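First the structure, in the form of structure tokens, and then the observations on it.
The values are calculated or read from the model by the stated rules, or taken from the named source; none is laboratory data. Predicted model only: the values in this text are computed from it and were never measured. Glycine also receives a Cβ, built like all others from the backbone with ideal geometry; neighbour counts cover every protein chain displayed.
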Amino acid sequence: MNKQKIMVVSALCALMSITAGLSHEFWLFPSSFFPQVGKPVPVSINVGENYEGERWGGGNRRVQRLRLITPKGEQNLTASISQSDSLVEIKPLILKDGGTQMITLETNNSFIELEANKFLEYLKEDGLDNAVAYRREHKETTKKGREQYRRCAKTLLQAGNVYAANVTKSSGMAMEIVPLQNPYSLPKGSLLTCQVLYENRPLKNALVRCWRRVNGKTELEFKRSDAAGNATFDLPKKGNAAYMISVVTMVRLTHNPKADWQSTWGSLTFGMK
């Protein structure tokens, strides 16, 4: 493990507060990563920083698609979501089958406009060097950041002891973090490699964050994805753990009268015991 890239989250709070409200993580969090077949599993949609947050307010009709992907197939659960202007809620799931399950959620675009200095801080914080360079080269450093953004989140559940390979395949979201091994099948202390896909293609040189909450402490490890879109992280050697791996990319828009940039966010959550 590269210790220079690992930080205790509490030490990051001062730095993170600079862009609080701008670069929120977005993730799915089940009441248990290890549910029992036939029993309800509440799943919350969270937004926040440092793998700590609050329920997503969302807004009416923000969810584009919600799916449950099991070893036996896929179910579209979008109609089961309750959406209002103040809260978006997923109806508790009841798993009918055992094995490794995957829940995916995608939102449509929303718009945000930031002052130039705030936009620059946000871009630097999330390692979006391409956007920083573009604005500098095109003399846009004093221009407001006009951005439309969308979110793609998924969580992995393990019901029983059947470790399915379905979670190592892409589900086709615009931004996706695909574990190349089923994390539930790996022993503690293993390495887990994840591939970052944007529009179904490997995304290289993306800043990939891995949040670990183990034994009451949260650590952050970050790496850049390689040419194949891969980034590798350590699993804990002992103790129960909750993981979140997250990434964002920023693409310049053309012929869009409202926004100059499209950001797409991705997250993956799973547990270890």
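Here are the numbers for the structure shown:
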| item | result |
| --- | --- |
| Residue match in the range 162-176 (condition: more than 21 Å from Thr70 (Cα to Cα) and among the aromatic types (Phe, Trp, Tyr)) | no |
| Residues of the range 251-271 that turn out to be surrounded by 21 or more Cβ atoms within 10 Å (Cβ to Cβ) and under 19 Å from Val208 (Cβ atoms), as a count | 8 |
| Test: residue in the range 212-219 that is under 20 Å from Ser171 (Cβ atoms) and surrounded by 22 or more Cβ atoms within 10 Å (Cβ to Cβ) | no |
| Unmet requirement for Ile245, which otherwise passes all of (1) touching a residue at least 60 places away in the same chain (Cβ under 8 Å); (2) within 22 Å of Tyr149 (Cβ to Cβ); (3) surrounded by fewer than 18 Cβ atoms within 10 Å (Cβ to Cβ) | (3) |
| Any hit, the range 219-230, residues being in contact with an Asp or Glu (Cβ under 8 Å, 6 or more places away or on another chain), farther than 25 Å from Thr264 by Cα and outside any loop (DSSP other than H, G, I, E, B) | no |
| Candidate set from the range 155-200 (those that are among the β-branched types (Val, Ile, Thr) and over 23 Å from Ala227 (Cβ atoms)); member that is farthest from the chain's Cα centre (by Cα) | Val162 |
| Filter result (surrounded by fewer than 18 Cβ atoms within 10 Å (Cβ to Cβ), among the hydrophobic types (A, V, I, L, M, F, W, C) and at pLDDT 95 or above) within the range 124-180 | Val132, Ala133, Leu180 |
| Sole residue being farther than 27 Å from Glu52 by Cβ and β-branched (Val, Ile, Thr), chosen from Thr193, Thr168 | Thr168 |
| Residue count, the range 42-64 (criterion: among the basic types (Lys, Arg) and crowded, with 19+ Cβ neighbours inside 10 Å) | 1 |
| Candidates Lys223, Lys237 - the one that is of a type outside the set (S, T, N, Q) and either at pLDDT below 95 or under 27 Å from Arg146 (Cβ atoms) (or both) | Lys237 |
| Test: residue in the range 225-242 that is touching a Phe, Trp or Tyr at 6+ places or on another chain (Cβ under 6 Å) and either free of Cβ contacts under 8 Å to residues at least 60 places away in the same chain or not small (Gly, Ala, Ser) (or both) | no |
| Where a residue in the range 138-165 is more than 18 Å from Val247 (Cβ to Cβ) and its partner, wherever it lies, is part of a strand (DSSP E or B) and acidic (Asp, Glu), with Cβ under 7 Å and at least six apart | Lys144/Glu113; Gly145/Glu113; Arg146/Glu113 |
| Condition broken by Gly127, with the remaining ones in (1) under 18 Å from the mean Cα position of the chain (by Cα); (2) among the small types (Gly, Ala, Ser); (3) outside any strand (DSSP E or B); (4) within 27 Å of Phe34 (Cβ to Cβ) satisfied | (4) |
| In the range 65-87, the residues that are in contact (Cβ under 8 Å) with a residue 24 or more places away in the chain, among the polar types (S, T, N, Q) and surrounded by fewer than 16 Cβ atoms within 10 Å (Cβ to Cβ) | Gln83, Ser84, Ser86 |
